[in-house]
Amino acid sequence: MTVGLVDAPAGVLARARRVAATVLDPEVPVLTIDDLGILREVRLAADGAIEVDLTPTYSGCPAVEAIEQDVRSALVGAGFALVRVRRVLSPAWTTDWMTAEGRRKLTEYGIAPPPGTSAAVGPVSVSLGRRPALVRCPQCGSSDTAELSRFGSTACKSLWRCHACREPFDHFKAH
């Protein structure tokens, strides 16, 4: 709950944002919440609390409570006495909010990142039996890949296999 906002020295908010931005995603621990784009806003309330808005990757994400607690702990550990974390569901998160650095980290970790853009205006197309969009293997870079299962190790990922190097890999689904 926002109590009322005050003007804060830019350094205080910048420091609070830097601290919050370092929190790792528990499901993909090479990504920070900033890499994912779920860290939406950091502000100072009239009562002196640091308020942080997070948008989960989807409303049922099982990691969101752990992330909220990790943000609180990181900020309190950095000397911010009063911290509030808000879950903001609108607008809904999209993989378009992921940073280029986050996409690079996914590839290095062995997870194929989502395509560059996912936001669509109008109806969302659904593939029924057709080959999904091109996904490059994060191991060898080949585009000779196939989806094995729409569901991977987490709800945000699907399971793929590369025909060139024969390795299985996760693909971060576009949302």
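The values are calculated or read from the model by the stated rules, or taken from the named source; none is laboratory data. Model, not experiment: these values are computed from the prediction. Ideal geometry is used to build each Cβ from the backbone, glycine not excepted, and the neighbour counts take in all protein chains shown.
From the list 24, 44, which one is over 29 Å from residue 112 (Cβ atoms) and surrounded by 12 or more Cβ atoms within 10 Å (Cβ to Cβ)?
Numbers: 24 fails: over 29 Å from residue 112 (Cβ atoms).
Sole residue among the options that is over 29 Å from residue 112 (Cβ atoms) and surrounded by 12 or more Cβ atoms within 10 Å (Cβ to Cβ): 44.
Within segment 136-175, restricting attention to residues that are acidic (Asp, Glu) and in contact (Cβ under 8 Å) with a residue 24 or more places away in the chain, the residue that is nearest to residue 94 (Cα to Cα) is 170.
Filtered by the rule that a residue be under 20 Å from residue 65 (Cβ atoms) and without any contact (Cβ under 8 Å) to a residue 40 or more places away in the chain, segment 18-31 gives 21, 29. Each residue in segment 102-117 was checked for being modelled with pLDDT of 95 or more and farther than 22 Å from residue 153 by Cα, and 0 pass.
Annotation: of all residues in segment 9-21 being loosely packed, with under 15 Cβ neighbours inside 10 Å and hydrophobic (A, V, I, L, M, F, W, C), the one that is nearest to residue 103 (Cα to Cα) is 14.
Within segment 139-175, track down each residue that is assigned to a strand (DSSP E or B) and touching a helix residue (DSSP H, G or I) at 6+ places or on another chain (Cβ under 7 Å).
Of everything in segment 139-175, just one residue is assigned to a strand (DSSP E or B) and touching a helix residue (DSSP H, G or I) at 6+ places or on another chain (Cβ under 7 Å), namely 172.
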